[in-house]
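The block underneath contains the structure these notes are about, expressed in structure tokens.
The values are calculated or read from the model by the stated rules, or taken from the named source; none is laboratory data. Everything numeric in this text was worked out from a predicted model, so none of it was measured. A quick note on method: Cβ atoms are made from the backbone with ideal geometry, for glycine too, and the neighbour counts reach across all protein chains shown.
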Amino acid sequence: MNILHIANHVKQSGNGIVNVMVDLACEQAILGHRVAVASQGGEYLELLKQHHIDHYKLDQTRKPMQMLQAFFDFRSIVKRFQPDIIHAHMMTGALLSRYLKGLSKYKIVTHVHNEFQKSADYMKVGDTVIAVSHAVAQSMAKRGVHEEKLRVVLNGTIGSRRNTGMEEVQLKGRSIVTVAGLNERKGIADLIMAFSIVSEQCPDSELYIVGDGPERERFKEMASQSAHSHKIHFEGFQTDPRRYMCSCDVFVLASHKDPFPLVLLEARESGCAIIATEVDGIPEALDFGRSGMLVPPKAPEKLAAAMLNMLCDQKLRQEYKHSAQQGLDFYKVERVAKETLRIYEEILIS
């Protein structure tokens, strides 16, 4: 089978959409398929090359000149690669695949990773629409995607070819770690407020914020106003944040919206005691509370109470660390690839 994945880039930037696509492409190549990726490029090009995955340059910047060039480039890529399946992970690739299809025989699979974005509406153009969680599938159904077109493939990161060897980092005190993009959606402000409460009652606690994003300076300014600012550490983007997860006492994800965050699977594999908000696909990623403690979103006081419980109760913490690592075989990248291949086969014979 000739499979062409399309995304905006393949940068090693912590972008979950890109990570899922790279994992899928590598695993499908290992399973014996001819695989290519069309994107603007990035650090994962070397990994794709190692797995004999062709890369085609496709600049999908939404500006008139770049889009005009993208039309010509896309047609050239299709002519050269002759895909059976085009798997579009972002809006522009989905629209190019549909509206430039012409007489080409390929089938289009669109993959909805972030259904909260307005652009998710355009992912309806796929012959089949993959959702990363049942919560996302329900949302897309409400947006008008017919049930017969929808498929759910839960994310998986275990066994990712992106992972390399790592060394643990030394964290101070009773450590709380989050790994997230620094934007409002990830609840960073809630976490900083909750930590101020925690630090009053647990003086040796330390908060490590791993990640980068457009609101980094605002959050740093907010943290600087806290009486406990010296215990709030902004660690920036890390190519392999698992070294923080393996070293922490508690892992927290305070998202307001999150379809099915890969980082929770990485935290589970790292054996973390996890606290996360009960929104979108997060409960599915944590086996509906069995593999991590769920708290309401946008509720710093309740988040603080959960953090204090987890930090101060060693038995509870160990129970959650143990439960986090149960059932992880299901979240292997190989399972994700095989389920996706079955979807391809379905639409190719339909």
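Brief remarks follow.
- Per-region count, region 203-230, residues buried (at least 18 other Cβ atoms within 10 Å of the Cβ), under 17 Å from K172 (Cβ atoms) and in contact with a strand residue (DSSP E or B) (Cβ under 7 Å, 6 or more places away or on another chain): 7
- Pairs where the first residue, in region 207-233, is in contact (Cβ under 8 Å) with a residue 60 or more places away in the chain and the second is assigned to a helix (DSSP H, G or I), C-beta under 9 Å, 6+ apart: G211/K186; G211/I188
Here is a yes/no grid of residues against (1) touching a strand residue (DSSP E or B) at 6+ places or on another chain (Cβ under 7 Å); (2) outside the structural domain of M245 (by TED's automatic domain parsing):
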| position | (1), (2) |
| --- | --- |
| A299 | no, no |
| K302 | yes, no |
| L308 | no, no |
| Y320 | yes, no |
| S323 | no, no |
| E339 | no, yes |
| I343 | yes, yes |
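- Consider region 60-115 and keep the residues that are among the β-branched types (V, I, T) and touching a Gly at 6+ places or on another chain (Cβ under 7 Å). The one that is farthest from S133 (Cα to Cα) is I108.
- Flag for A36 being touching a residue at least 12 places away in the same chain (Cβ under 8 Å) and surrounded by 23 or more Cβ atoms within 10 Å (Cβ to Cβ): no
- Among the residues of region 69-94, those identified as among the hydrophobic types (A, V, I, L, M, F, W, C) and surrounded by 18 or more Cβ atoms within 10 Å (Cβ to Cβ) are A70, F74, I77, V78, F81, I85, I86, A88, M90, M91, A94.
The rows are residues; the columns are (1) farther than 21 Å from S97 by Cα; (2) modelled with pLDDT under 95; (3) not hydroxyl-bearing (S, T, Y).
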| position | (1), (2), (3) |
| --- | --- |
| A131 | no, no, yes |
| H146 | no, yes, yes |
| V152 | yes, no, yes |
| S160 | yes, no, no |
| T164 | yes, yes, no |
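- Among the residues of region 159-180, the ones that are charged (D, E, K, R), assigned to a loop (DSSP other than H, G, I, E, B) and surrounded by 15 or more Cβ atoms within 10 Å (Cβ to Cβ) come to 2 in all.
- Residue in region 198-219 that is in a loop (DSSP other than H, G, I, E, B) and touching a Phe, Trp or Tyr at 6+ places or on another chain (Cβ under 8 Å) present: yes
- Under the condition of being hydrophobic (A, V, I, L, M, F, W, C) and under 24 Å from F71 (Cβ atoms), the residues counted in region 11-46 number 9.
- In summary, V153 fulfils each of the numbered conditions (1) touching a residue at least 60 places away in the same chain (Cβ under 8 Å); (2) among the hydrophobic types (A, V, I, L, M, F, W, C); (3) more than 30 Å from M245 (Cα to Cα) with the single exception of condition (3).
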